[in-house]
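Beneath this line is the structure, given in structure tokens, with notes to follow.
The numbers here are math on the coordinates, done by the rules we state, and not lab data. These numbers come from a predicted model, not from an experiment. Quick reminder, even Gly has a Cβ in these numbers, built from the backbone with ideal geometry, and neighbours come from all protein chains shown.
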Amino acid sequence: MLEEDPILEEEIRVGLTALSNLVREMIPSGAKPIPANPDRFNLLARPGYKTCRVCGLPGHECHRVDKAVACRVAMLSLIGFWEDVAAQLAFLYSKSRRFQEAVCANVATYEMRVDGTPLKSGAMEVVVLDRLTRNYLKLVSLYARIRPKALHFMHKADLARYESVTKTLNGFLLDGLTDLFERHVAELEAAAAAAATEALKAHNA
């Protein structure tokens, strides 16, 4: 077993603790105050905060897609946060058999994105993956809603970073994702695209 190496066991423990700390920041009671210039900071755990009408994230307010610099900063912060999560997941998956087994057993469902649904209990690996999956589904839902606008205020390199990190996270967290959730995301994207088109028509009229 990989974990029989004492040094490796300690590295795994440190990695799990780091992920556990990130998970703690994903709930309102553990959320840190939003900094003026967020960097690799999770902005999804603050349901009570007023959110921006353009990107749906708290901590700033933009009124136009073509002047949404703060939205780009917020999204890059969120992407950076999940890049850190992905790096920890990759490390633990490569080193810990128990973590590998927990990843294989983790099944995402449509309902998990909603606060108040039953939480999993058990081994630390299981609990951490469950909480990560729930928060990650919120990120996927958010981006599905704002994607047409994000294409305007994010740069190509930003979008590439998002696609890269979500590809990694999908592999670790969403292998069991239901078709229902995928259809829901597609519907959100279509609705957002239609709304953006109508807004553009009204602006040009």
Round to a whole angstrom and tell me the spacing of the C-alpha centers of region 19-94 and region 151-165.
-> 15
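Taking the beta-carbon count within 10 Å as an exposure proxy, list His60, His152 from fewest neighbours to most. Before the final figure, lay out each step's value.
Values: His60 20, His152 14.
Fewest to most other Cβ atoms nearby, the residues stand as His152, His60.
Subtracting the Cα-Cα distance from 0.36 nm times the residue separation, let me have the gained length for Arg40 to Ala105 in nm, one decimal. Please list the in-between numbers first.
Numbers: separation 65, 0.36 × 65 = 23.40 nm, distance 2.85 nm.
Full extension of this stretch gives 20.6 nm more.
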Computed E for Glu163/Arg24 - FRET, C-beta separation, R0 22 angstrom, nearest 0.05 = 0.20
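Would you mind ranking Leu89, Leu174, Leu119 so that the residue whose beta carbon has the fewest other beta carbons within 10 Å leads the list? Display every interim value, and only then the final one.
Numbers: Leu89 23, Leu174 19, Leu119 10.
Placing the least packed residue first, the sequence is Leu119, Leu174, Leu89.
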